Amino acid sequence: MELANTSSPEGGPGAGVLAHLERLEAESRKKFEEPQGAESALGNKIRNLRSLRDKLRAEVNRRQAGVRSAKASVEPDQTFEVSEQEVLERKRENVKSILQAYRFTGLSGKLTSRGVCVSISTAFEGNLLDSYFVDLVIQKPLRIHHHSIPVFIPLEEIAAKYLQSNIQHFLFSLCEYLNAYSGRKYQADRLQSDFAAFLAGPLQRNSLCNLLSFTYKAEPSGQSFPFCARLLYKDITRTLPTDVTVTYQGTDALSTSWEEQRASHENLFCTKPLHQVFASFARREEKLDMNLLY
Amino acid sequence: RKSFQEIYQSDSEGWKTSKDLRSNLGNLESELLFLNTLTGINIRKYSKKIENLTSTEMTERRIKKVLQRHKLSGNCHMITFQVEFQILEFQNKENLSSIITDLNIIMESTAYSELSEFVSRAEERRDLFMFFRSLHFFVEWCEYRKRTFKHFK
């Protein structure tokens with residue numbers, strides 16, 4: 001049914017027809033006042049037009065109601081489906097990122113088919129260093145499937161003490177040893193890379209980095225005597241040495257000022273990280289240079 | 001040969017059905033619970049922002065400099081914390097270094113004065129791991145003390 005309704009912008013599909021019908025009705029009312037001859041024919045026409053109008057009205061209402069309810073039922077369902085998926089995705093991304101964040105506590109891990117793989121992060125003075133892992137099989141007894149712990153770390157000893165009774169304690173203890181080793185290694189590496197100019201020979205070190213031996217000059221440019229330092233870290237859960245000896249490899253006796261220097265160096269190595277001791281030597285050198293300029 | 005749909009599903013995780021998502025989420029949440037129990041730390045919120053500080057001159061010299069800003073918050077039993085820190089990543093031909101350049105720890109509980117001591121030490125040394133380890137041990141010690149006192153009541 002073609003319904004031209006350019007004259008009624010707010011009408012629906014039936015509005016044009018209704019207006020037309022109403023015009024016809026108005027016309028027919030006028031004609032009703034006319035001579036009785038044509039009355040019955042017109043009367044019929046009116047009745048027919050009226051019933052057609054009513055049918056059309058009903059159809060328009062029905063269709064409008066149908067459109068409204070269809071809109072109402074489709075939209076919420078669709079958005080609910082999409083948002084459930086979205087909600088789950090968002091939750092999943094959130095949980096994943098929190099899992100990643102656990103490495104900042106120093107201990108992290110993943111569940112495996114056998115049990116769990118724990119990752120231990122190490123750091124020294126804000127420098128993030130190597131990570132190590134221990135893959136545990138959850139069985140009675142608990143056992144280590146494989147790991148990346150260096151051979152000179154007493155893993156078996158620590159496991160024998162704590163693994164079966166308290167996994168947490170086992171891991172925290174391992175953390176201690178690994179962080180200390182990482183820290184000692186970092187100090188030795190920094191000495192070799194940043195302060196090579198101060199060393200009068202190669203730095204001698206063992207794999208555990210708890211025994212270091214080197215010859216150095218506190219003032220590489222000046223006429224200072226080379227000192228020999230030997231640093232022993234008996235407590236391998238610490239990053240500072242327990243025993244330090246600084247000696248002078250000369251035949252002459254040291255003057256008092258040099259003896260004072262030697263003693264102060266010994267104290268420095270005991271209390272400050274190795275590379276920082278040399279950094280302070282470098283700063284002193286700079287100061288001396290500055291003094292010479294002025 | 002894989003069908004187009006098969007390829008698309010395996011590459012794009014967004015095509016997982018709700019059921020797959022739910023089971024995956026369940027696995028991840030168990031992992032979270034495990035880490036919570038292991039470390040004693042419950043991380044509830046985490047966000048990070050990455051800022052690329054590499055200049056064109058650096059790129060020419062094969063140097064990369066990136067600043068990461070991390071924010072995490074959570075609790076260790078009754079003690080809540082908020083930690084914000086920055087990590088500077090510096091990469092040149094020889095090596096990659098990651099350094100914590102700033103550490104801020106905000107603790108809600110003022111009831112424990114011993115806490116503030118090791119918190120400021122950790123901030124000073126930028127020792128993030130030490131903070132979490134100490135927090136865990138401190139809380140354990142508190143719980144142990146509580147249990148011991150209860151025993152004598």
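The values are calculated or read from the model by the stated rules, or taken from the named source; none is laboratory data. For clarity, every value in this text was computed on a predicted model and none was experimentally measured. We place every Cβ from the backbone using ideal geometry, glycine too, and count neighbours over all the protein chains shown. Heavy atoms of the whole protein, side chains included, go into the accessibility calculation; ligands, DNA and RNA do not. Shrake-Rupley method; radii C 1.70, N 1.55, O 1.52, S 1.80 Å.
Observations, loosely collected:
- Per-peptide average of other Cβ atoms within 10 Å, ordering A:132-138, A:185-191 highest first: A:185-191, A:132-138
- Leading residue at positive end of dipole, chain A (Cβ point charges), from A:S193, A:S83, A:V118: A:S83
- R0 of 30 Å, Cβ-Cβ distance A:A197-A:T271: FRET efficiency to nearest 0.05: 0.80
- Put A:L288, B:L96 in order of accessible area, highest first, and with a 1.4 Å probe you get B:L96, A:L288.
- Rounded to whole numbers, the Karplus 3J(HN,Hα) couplings from phi for region A:276-281 are 6, 5, 5, 5, 5, 4 Hz, using 6.51 cos²θ - 1.76 cosθ + 1.60 with θ = phi - 60°, and x at Gly and Pro.
- Under the convention that each Lys and Arg Cβ holds +1 and each Asp and Glu Cβ holds -1, the size of the dipole of region B:40-152 around its Cα centre is about 360 debye.
- Between B:G74, B:T101, B:F118, the Cα set farthest toward the positive side of the dipole of region B:40-152 (charges on each charged residue's Cβ, about the Cα centre) is that of B:G74.
- Chain A: C-alpha gyration tensor shape, a/c 1.5 cut-off, then a/b vs b/c: prolate
- Note, ³J(HN,Hα) from phi for region B:96-106, Karplus 6.51, -1.76, 1.60, rounded to Hz, x at Gly and Pro: 10, 10, 10, 10, 6, 9, 7, 9, 10, 10, 10
- Rel. contact order, % - alpha carbon contacts under 8 angstrom, at least six apart, chain A: 8 percent
- Between A:S108, B:L21, A:Q223, the Cα set farthest toward the positive side of the dipole of the protein assembly as shown (charges on each charged residue's Cβ, about the Cα centre) is that of B:L21.
- Taking amide H positions as modeled 1.01 Å from N, with prolines and chain starts lacking one, no residue 5 or more places away or on another chain lies under 5 Å from A:R114.
- Average accessible surface for region A:195-293: 56 Å² per residue, computed with a 1.4 Å probe over protein heavy atoms with every protein chain in place.
- Using a 1.4 angstrom probe on protein heavy atoms only, the contact between B and A buries about 3700 square angstrom of accessible area, both sides summed.
- Dipole magnitude (debye, nearest 20) for region A:195-293, charges at Cβ of Lys, Arg, Asp, Glu: 340 debye
- Paramagnetic reach from A:E84 in region B:16-30 [backbone N under 17 Å; point 7 Å along Cα→Cβ]: B:16-26
- Basic side chains Lys and Arg get +1 at the Cβ, acidic Asp and Glu get -1 at the Cβ, and with that the dipole of the protein assembly as shown about its Cα centre reaches some 1380 debye.
- Alpha-carbon Debye profile of region A:89-132, log10 I(q)/I(0) at 0.14 Å⁻¹: -0.42
- For region A:99-123, residues shielded by at least 50 square angstrom of accessible area compared with the chain on its own, probe 1.4 Å: A:L99, A:Y102, A:F104, A:T105, A:L111
- Across all Cα pairs in region A:97-182, the calculated P(r) in 10 Å bins from zero up to the longest distance comes to 16, 53, 28, 3 percent per bin.
- Heavy-atom accessible area order for A:I149, A:I236, largest first, 1.4 Å probe: A:I236, A:I149
- Max mean-square fluctuation residue, GNM over chain B, Cα-Cα springs under 10 Å, options B:R133, B:R69, B:R61: B:R61
- Built from the Cα atoms of region A:147-241, the convex hull projects on average onto 6.7 nm², one quarter of its surface area.
- Alpha carbon Rg of region A:195-293, scaled by the compact-globule rule 2.2 N^0.38 Å: 1.10
- Across region A:134-147, coupling constants 3J(HN,Hα) worked out from phi with the 6.51/-1.76/1.60 Karplus curve, θ = phi - 60°, read 9, 9, 9, 9, 7, 9, 9, x, 5, 9, 8, 6, 7, 7 Hz, and Gly and Pro carry x.
- Burial order of peptide ranges B:142-153, A:171-182, B:43-54, A:273-284 (average beta-carbon count within 10 Å, highest first): A:171-182, A:273-284, B:43-54, B:142-153
- Euclidean distance of C-alpha centroids, region A:197-250 and region B:61-138, integer Å: 32 Å
- The accessible area of B:E123, taken with all protein chains in place and a 1.4 Å probe, comes to roughly 50 Å².
- Element breakdown for the protein assembly as shown at a 1.4 angstrom probe: carbon and sulfur atoms account for 52% of the accessible area.
- The label point for A:R57 and the one for A:S69, both projected 7 Å from the Cα toward the Cβ, are 2.1 nm apart.
- Calculated FRET value between A:K161 and A:K140, using beta carbons and R₀ = 22 Å, to 0.05: 0.75
- Per-residue average of Cβ from other chains inside 10 Å of B:61-74: 1
- Calculated Rg and Dmax of region B:22-128 using C-alpha coordinates, Å: 17.8, 54
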